[in-house]
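Q: The structure under discussion is supplied below as structure tokens; questions concerning it will follow.
Readers should treat all values here as calculations from the given coordinates under stated rules, not as data from a laboratory. If you're wondering where the values come from, they're calculated on a predicted model, not measured in any experiment. When we count neighbours, we look across all protein chains shown, and the Cβ atoms used for this are built from the backbone with ideal geometry, even at glycine.
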Ligand SMILES: [Zn+2]
């Protein structure tokens, strides 16, 4: 099933898809084990940095091979694609879905950039996600506000034809200093006026009850990256503290398993179990 069809299927349900970033073999395996054990579909995401770290063919083929090997339903998605060129390379490689993030450009430029990527992606029958509003990236101010306006969201989706839209309703990337308060009324209004699947970035550290409310109000995809990196490295650091073992194959699994436990919990939330 194409991701864009899965989004349509989810629209009037109380479930969503979890989109997890992976950074190497271990985090990929950790995430997929959770999907296998939960018998749940999942989105595997790569950012530009992860693509540059592993190399595009390596990153993509590793994910593709792992999906087939484990027999899970999963889609490979470019997270925060920052250029037409990167989107084109990923589509050529076989990605199921592409995010073009021109959210920091003025509204008109965001529309025109997104529109070009939508036209390209349609040749590959791929899904496109864009972003409207200000969701603080790592290192950016979380004080600045730029919530998505429903009227703009409606215009944006109509003019660009995107399948999915990342909205700014109070989340930010990285960990939170204080518990995020989401504008769920705004979210519900955006859902009323658009047909696009709504995406919540910055899912790390958002309480599970809040995620459930966001899904009920219209979110179809929840992104999780920071918590995966954090649990992997924290577990590994603790393990290495008094470790003399040099066989990395005996050291890594505990960190991989920690990722599986984390992602299993999140899958239970998005699947409304
Ligand atoms: Zn994001």
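Q: Using alpha-carbon positions, what is the distance between the centroids of region 119-162 and region 181-195, in Å?
A: 14
Q: Could you tell me the convex hull volume per residue, in Å³, taken over the Cα atoms of region 55-109?
A: 80
Q: Kindly state, to the nearest 0.05, the FRET efficiency for residue 112 paired with residue 151, given R0 = 25 Å and r defined as their beta-carbon distance. List each step's numbers first, then the result.
A: Working: r = 19 Å, r/R0 = 0.75.
That gives a FRET efficiency of 0.85.
Q: Within region 203-232, whose backbone N sits under 15 Å from a point 7 Å along Cα→Cβ of residue 14?
A: 209-219
Q: Write down the Å³ per residue value for the convex hull defined by the alpha carbon atoms of region 1-126.
A: Details: hull volume 14.2 nm³, N = 126.
Each residue corresponds to 113 Å³ of Cα convex hull volume.
Q: Run through every distinct alpha carbon pair of region 6-74 and return the Kirkwood hydrodynamic radius in angstroms, one decimal place. Before the final figure, lay out the partial values.
A: Details: mean 1/r = 0.0789 Å⁻¹.
About 12.7 Å for region 6-74.
Q: Okay, moving on. Across bins of 10 angstrom width beginning at 0, how are the C-alpha pair distances of region 63-197 distributed, in whole percent?
A: Pairs per bin, as whole percents: 12, 38, 34, 15, 1.
Q: Based on the Cα atoms of region 3-270, what semi-axes does the equivalent ellipsoid have, where each is the square root of 5 times one gyration tensor eigenvalue, given in whole Å with the largest first? Spell out each step's value before the answer.
A: Values: eigenvalues 175, 88, 60 Å².
In descending order, the three semi-axes are 30, 21, 17 Å.
Q: Hey, for a label at residue 251 modelled as a point 7 Å past Cα toward Cβ, could you say which residues of region 3-47 have their backbone N under 18 Å away?
A: 24-27
Q: Suppose only helical runs count, i.e. DSSP H with n ≥ 4. What mean residue ellipticity at 222 nm does that imply for the chain under -39500 (n - 2.57) per run, divided by all residues and rounded to the nearest 500 deg cm²/dmol?
A: On the way: 11 runs with 139 residues, N = 273.
Here the helix-only value at 222 nm equals -16000 deg cm²/dmol.
Q: A follow-up question, please. Give me the one-decimal Kirkwood hydrodynamic radius in Å for region 192-273, with the sum taken over alpha-carbon pairs. Mind showing how you got there, number by number?
A: Numbers: mean 1/r = 0.0687 Å⁻¹.
Value: 14.5 Å, from the Cα pair sum.
Q: Then there is this: Can you tell which of 200, 56, 132 shows the greatest fluctuation in a Gaussian network model of the chain with Cα springs below 10 Å?
A: Checking each option, the largest mean-square fluctuation is seen for 56.
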